[in-house]
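These notes are about the structure you will find just below.
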Amino acid sequence: MDELSTQDVIITAALPYAYDDLHLGHVASTHLPPDILYRYLKLKGTKVIQVCASDDFGTPILIAAEKQGKNPSEYVAGWNVRFKEDLGRLGIVYDLFDRTSSPENVELVQRFFTKLNENGYIFVSEINQFYCEYDLKFLPDRYVKGKCPYCGTEEQYSDVCENCGRTLQPGQILNPHCSI
């Protein structure tokens, strides 16, 4: 590690989804190890910054926001603040703790997407997707629940069975219905 003392270092951690409280597992596996390294490198005189963000996108966030009658942007903003406060109370402080929905991150992601698309790494394909006649919209996998075709457990999301751990392919779930 002596060679790091003259180099700049950026440390980050896995991004917590902005829809539920952090728990001990998040802290022990995701935020504490990089914080220990961060503090160690700072003590050694290394120029280091620690960055992270709340992950503001995903179907679980959409479902949770809809259940609370909030728009997703408003919903995730509250979780971002909560994460910073909770981690701060544990002494884990990031030099930057942002949001994946920040204008800067959206611009950066768009640049990556554009470059990948220009180089032929993005392609279009057709997929089958459930449609809810009541909500009048196509449903991502987490909006659909049903019976696992492998173990028979009811009320499982259409992409994975929480009981047996099997990953399900689109259309495999039995007795599908809209989860919202």
Inset, instruction - Consider the candidate values (i) 15.3, 45; (ii) 20.3, 62; (iii) 15.2, 42; state which one is Rg and Dmax of the Cα atoms in Å computed from the structure displayed. - result: (ii)
Inset, instruction - On a C-alpha basis, how far is the centre of the range 44-77 from the centre of the range 102-119 in Å? Whole number, if you could? - result: 19
Inset, instruction - Please sort 86-93, 132-139 by packing, taking for each peptide the average over its residues of neighbouring beta carbons within 10 angstrom, highest first. - result: 86-93, 132-139
Inset, instruction - Compute from the Cα atoms of the range 130-178 the Rg and the Dmax, the latter being the longest Cα-Cα distance, and quote both in angstrom. - result: 10.2, 31
Legend entry - Ranking of PHE130, PHE123, PHE83, PHE112 by count of other Cβ atoms within 10 Å, fewest first: PHE123, PHE112, PHE130, PHE83
Inset, instruction - Sequence neighbours fewer than 8 away in the same chain don't count; with that in mind, list the lysines whose C-alpha is under 27 Å from LYS70. - result: LYS84, LYS137, LYS145
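Pop the C-beta distance of ILE10 and PHE57 into the FRET formula with R0 = 22 Å and round what comes out to the nearest 0.05. Write out the running numbers ahead of the final one.
Working: r = 22 Å, r/R0 = 1.01.
The formula returns an efficiency of 0.50 here.
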Inset, instruction - Only Lys, Arg, Asp and Glu count, each charged at its Cβ (+1, +1, -1, -1), so figure out the dipole size of the chain about its Cα centre, rounded to 20 debye. - result: 240
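Each reported figure results from applying straightforward, stated rules to the coordinates on display, with no laboratory input. Note that the structure is predicted; figures quoted are calculated from it, not measured. Backbone-built Cβ (ideal geometry, glycine too); neighbour counts: all protein chains shown.
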